[in-house]
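Heads up, the thing below is written out as structure tokens.
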Amino acid sequence: MSVVEKDFFGAIPNCLDLSSLSYKWFGCAWTEQQSRTVITGYWFGDSQSAVETTAMKAGKLANVIRARESDVQVMHSEILKAQRQQDWDNRSRLPLRVILQKPWRNASVGWYIIRSREEYPNYVSAVHKERFSVWVEHVSVCENDGDLEKFVNQVNDTHHIRLNFLDGSFRTNR
């Protein structure tokens, strides 16, 4: 029995590029084999032709089936979902010298939510300041207030705390 493999490629506009936090064209190549989908490459660009040129240089446009926009959107969603899970799961301790520098030197022990920038989309981090260390517990990309609220609620539920919004930042209510 021979295995039938189908290669697909498609591109759609207005997809969030996590590296630049901007909306761009997204192109994706994938293979379907025995009801299994494997993404073989994806790219972001300022135009459809830029994405297709990059995919072509990577050798992903030969003998492909042009995918429906809805299928490309599913691939983008799957990539975002995997990245969000990885961002949620990865925990890191900041270098020890950070505890002696502003703003952490004067910050109380507790939990904080830090945004990369005020406007959306942005990155948010759940930071736990302990007496002698600072930990980045979770990170997420937020595209709107609903995403931010969902992230804060997930931090609260996971760590059994209650973050409150106070004067432009989040802080545990102790």
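The values are calculated or read from the model by the stated rules, or taken from the named source; none is laboratory data. Worth saying up front: this structure is predicted, and the values here are computed from it rather than measured. Here the Cβ is made from the backbone with ideal geometry for all residues, glycine too, and neighbour counts use every protein chain on show. Just the protein is used for accessible areas: all its heavy atoms, side chains included, with ligands, DNA and RNA removed. Shrake-Rupley method; radii C 1.70, N 1.55, O 1.52, S 1.80 Å.
Details
- Only a single criterion out of (1) more than 24 Å from VAL141 (Cα to Cα); (2) open to solvent by 40 Å² or more (accessible area, probe 1.4 Å) is not satisfied by TRP30, namely (2).
- Here is the figure for segment 45-65: residues that are closer than 21 Å to PRO121 by Cα, open to solvent by 60 Å² or more (accessible area, probe 1.4 Å) and assigned to a strand (DSSP E or B) total 0.
- Among the residues of segment 7-32, just one is farther than 17 Å from VAL74 by Cα and either β-branched (Val, Ile, Thr) or part of a strand (DSSP E or B) (or both), namely SER22.
- Of the set (1) open to solvent by less than 40 Å² (accessible area, probe 1.4 Å); (2) at pLDDT 95 or above; (3) outside any strand (DSSP E or B); (4) not small (Gly, Ala, Ser), all apply to GLN73 but (1).
- Any hit, segment 120-128, residues being open to solvent by less than 60 Å² (accessible area, probe 1.4 Å), in the same structural domain as ASP147 (by the TED database) and among the hydroxyl-bearing types (Ser, Thr, Tyr): yes
- None of ARG68, ARG84, ARG91 is in contact (Cβ under 8 Å) with a residue 40 or more places away in the chain, crowded, with 16+ Cβ neighbours inside 10 Å and of a type in the set (Lys, Arg) except ARG84.
- Checked against the criterion of being under 22 Å from ILE12 (Cβ atoms), open to solvent by 60 Å² or more (accessible area, probe 1.4 Å) and either out of contact with any strand residue (DSSP E or B) (no Cβ under 7 Å at 6 or more places or on another chain) or of a type in the set (S, T, N, Q) (or both), segment 138-146 has at least one qualifying residue.
Per-residue answers, yes or no, for (1) hydrophobic (A, V, I, L, M, F, W, C); (2) in contact with a Gly (Cβ under 9 Å, 6 or more places away or on another chain); (3) at positive phi:
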| residue | (1), (2), (3) |
| --- | --- |
| ALA67 | yes, yes, no |
| SER77 | no, no, no |
| GLN83 | no, no, no |
| SER108 | no, no, no |
| TYR112 | no, no, no |
| ARG117 | no, no, no |
| TYR123 | no, no, no |
| HIS128 | no, yes, no |
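Yes/no matrix, rows are residues, columns are (1) open to solvent by less than 30 Å² (accessible area, probe 1.4 Å); (2) of a type in the set (Val, Ile, Thr); (3) at pLDDT 95 or above:
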{"site": "SER108", "(1), (2), (3)": "no, no, no"}
{"site": "ILE114", "(1), (2), (3)": "no, yes, no"}
{"site": "GLU118", "(1), (2), (3)": "no, no, no"}
{"site": "TRP135", "(1), (2), (3)": "no, no, yes"}
{"site": "LEU148", "(1), (2), (3)": "yes, no, no"}
{"site": "PHE165", "(1), (2), (3)": "no, no, no"}
{"site": "PHE170", "(1), (2), (3)": "yes, no, no"}
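- Exactly one residue out of LEU61, LEU96 is at pLDDT below 95 and closer than 30 Å to SER133 by Cα: that is LEU96.
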